[in-house]
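What follows is one structure encoded as structure tokens, with my remarks underneath.
The values are calculated or read from the model by the stated rules, or taken from the named source; none is laboratory data. All figures in this text were calculated on a predicted structure; none of them were measured in a lab. Reconstructed Cβ throughout: ideal geometry from the backbone, glycine too, with neighbour counts over all protein chains shown.
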Amino acid sequence: MKQVHVAVGVLAIAATGATGLWGAWCWWRVRTSVWFWRLLRAGQALIVLQALLGGVLVLIGHKPPGLHVLYGVLPLLVSFLGEQLRIGTAQTVLDGRGFSSAADVARLPEDEQRVVALTIVQREMGVMALTALVIVVLLARAAMTAG
């Protein structure tokens with residue numbers, strides 16, 4: 001069971017690191033990428049699986065160092081907070097452009113609607129790419145404190 005926990009941890013670090021780097025690149029180049037979102041969700045699923053496996057190990061008697069548990073649980077919290085920030089980015093963009101709702105954007109010409117949508121997606125990608133990079137650091141610290 002411990003080997004599975006280690007293997008999933010390596011996969012979580014790799015997937016989340018790839019997500020952070022790809023998202024940062026897309027953000028820098030002002031590109032959208034469906035693969036970014038797929039990789040992000042796969043990384044998040046691996047993080048949840050990793051935490052569940054760690055919980056099972058604790059329940060069956062394995063005693064990890066306290067810091068390992070802390071660094072193993074923090075990625076869940078950081079991911080949740082990142083999602084909350086991502087959700088708020090759309091309203092921030094709308095407020096910044098003087099729109100009270102998406103209905104106001106719908107009244108714009110199609111090309112201007114695309115600009116607003118791209119701005120929202122770019123900000124969302126930036127928030128989640130940064131979140132992924134923070135999570136990679138936390139996961140790496142969890143691996144270093146595994147004992």
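Odds and ends about this structure:
- Unique match (being small (Gly, Ala, Ser), farther than 17 Å from residue 35 by Cα and at pLDDT 95 or above) among 129, 117, 140: 140
- Hey, residue 75 outside any helix (DSSP H, G or I) and closer than 19 Å to residue 141 by Cβ or not: no
- Criterion (more than 29 Å from residue 51 (Cα to Cα), out of contact with any strand residue (DSSP E or B) (no Cβ under 6 Å at 6 or more places or on another chain), surrounded by 18 or more Cβ atoms within 10 Å (Cβ to Cβ) and not polar (S, T, N, Q)) met by exactly one of 94, 138, 108, 118: 94
- Some residue of region 119-137 being touching a Pro at 6+ places or on another chain (Cβ under 8 Å) and under 18 Å from residue 46 (Cα atoms): yes
- Residue list for region 62-72, filter: crowded, with 16+ Cβ neighbours inside 10 Å and either charged (D, E, K, R) or part of a helix (DSSP H, G or I) (or both): 68, 69, 71, 72
- Candidates 57, 76 - the one that is over 16 Å from residue 132 (Cβ atoms) and either at pLDDT 95 or above or not aromatic (Phe, Trp, Tyr) (or both): 57
- Looking across region 1-58, just one residue is of a type in the set (Lys, Arg) and either surrounded by 14 or more Cβ atoms within 10 Å (Cβ to Cβ) or not in a helix (DSSP H, G or I) (or both), and that is 31.
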